[in-house]
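Written below as structure tokens is the structure these notes are about.
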Amino acid sequence: MGLIDALLATYTYLVANFDEFLRLLAEHLALVLVSVALAIVIAIPMGVLATRNERAKSIVMSFGNVSQTVPTLAIIALVFPILGLGFLPALVGLFAYALLPILTNTVAGLENVDESTVEAARGMGMTENQILRQIQLPLAVPVIFAGIRTSAVLNVGTAYLAFFIGGGGLGVWVISGISLFNTPQLLAGAIPGALLAIGLDSLFGLIEGRLSGESMAEQSAAAG
């Protein structure tokens with residue numbers, strides 16, 4: 001089967017099973033977005049804590065490294081006896097996998113803020129929390145969002161593994177297509193996943209640009 005024939009067959013399969021495709025895409029998107037959102041909520045405060053205390057930094061970074069080192073399927077296997085099959089154990093595995101890039105980038109972004117800027121803010125009478133909110137976090141936004149974008153793209157691919165524990169997503173078509181030697185079904189699940197990864201990366205890039213622009217405007221106004 002040539003490339004053009006494969007793409008035409010994939011399009012035909014997608015049109016014939018469009019309702020199922022929308023359901024699988026929604027499941028895949030939910031797995032990615034919820035896991036990344038949870039990772040953001042947990043990893044950024046952990047990153048802030050790590051920059052405030054060296055002992056805490058050692059513990060936090062070790063936790064993040066372990067979460068990234070253990071394969072997602074292994075994490076799923078560990079939580080399976082507790083959570084069973086379905087969406088939730090898959091979400092836990094993806095959440096753990098998304099933690100490290102956001103955590104390490106948060107630490108790097110905060111630690112790379114120019115110390116003279118921080119000292120100047122202290123000299124103006126700002127508290128540590130004010131410095132964090134108004135100086136350090138805004139300046140660290142590009143680095144933090146680089147970690148968020150990395151996590152989102154990684155989790156789009158990793159979410160295909162949710163198929164193995166009944167978590168749904170586009171992996172249902174991809175892995176079934178591989179098992180059945182059904183190329184149209186395989187491509188109908190794989191191509192949207194690649195486009196989804198590109199789309200999420202672009203979306204988070206736009207959010208990063210908006211937040212960076214707003215923070216620069218606020219700092220300019222404060223300086224003025």
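Numbers below:
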item	result
Percent RCO, i.e. relative contact order, over the chain, from Cα pairs under 8 Å lying at least 6 residues apart	27
Mean Cα-pair separation over length for region 1-98, i.e. relative contact order, pairs under 8 Å, 6 or more apart, %	32
Fluctuation leader among Ala194, Ala16, Ala50 - the chain, Gaussian network, Cα springs under 10 angstrom	Ala16
About the Cα centre, charge dipole magnitude for region 1-82 (Lys/Arg +1, Asp/Glu -1 at Cβ), debye	560
Solvent-accessible area per residue for the chain (1.4 angstrom probe, square angstrom)	52
222 nm mean residue ellipticity, helices alone, for the chain (DSSP H n ≥ 4; -39,500 (n - 2.57); rounded to 500)	-28500 deg cm²/dmol
q = 0.15, 0.21, 0.23, 0.24 Å⁻¹: log10 I(q)/I(0) that the Debye formula gives for region 109-181, counting C-alpha atoms only	-0.62, -0.86, -0.94, -0.98
Of the DSSP H helices in the chain, those whose Cα atoms cover at least 27 Å axially and whose Kyte score averages 1.0 or more	18-52, 87-111, 137-158
Val174, Val34, Val41, ranked by accessible area, largest first (probe 1.4 Å)	Val41, Val34, Val174
Ranked order, Leu22, Leu132 - accessible area, probe 1.4 Å, largest first	Leu22, Leu132
log10 of Debye I(q)/I(0), alpha-carbon scatterers only, for region 139-206 at 0.14 Å⁻¹	-0.48
Pairwise label distance in nanometres, Glu111 with Arg23, each label 7 Å out on the Cα-Cβ vector	4.8
Accessible heavy-atom area order of Arg52, Arg133, Arg122, highest first, probe of 1.4 Å	Arg133, Arg52, Arg122
Positive-pole candidate from Pro184, Ser67, Gly47, dipole of the chain, charges at beta carbon	Ser67
For region 72-224, size of Cβ-based charge dipole, Lys and Arg +1, Asp and Glu -1, in debye	500
Stokes-Einstein D for the chain, Kirkwood Rh over Cα pairs, 25 °C, 0.890 mPa s (µm²/s)	127
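The values are calculated or read from the model by the stated rules, or taken from the named source; none is laboratory data. Computed from a prediction, not measured in an experiment: that's the story for all the values here. Glycine also receives a Cβ, built like all others from the backbone with ideal geometry; neighbour counts cover every protein chain displayed. Ligands, DNA and RNA are stripped out before the accessible areas are found, and what is left, the full protein with its side chains, is counted by its heavy atoms. Shrake-Rupley method; radii C 1.70, N 1.55, O 1.52, S 1.80 Å.
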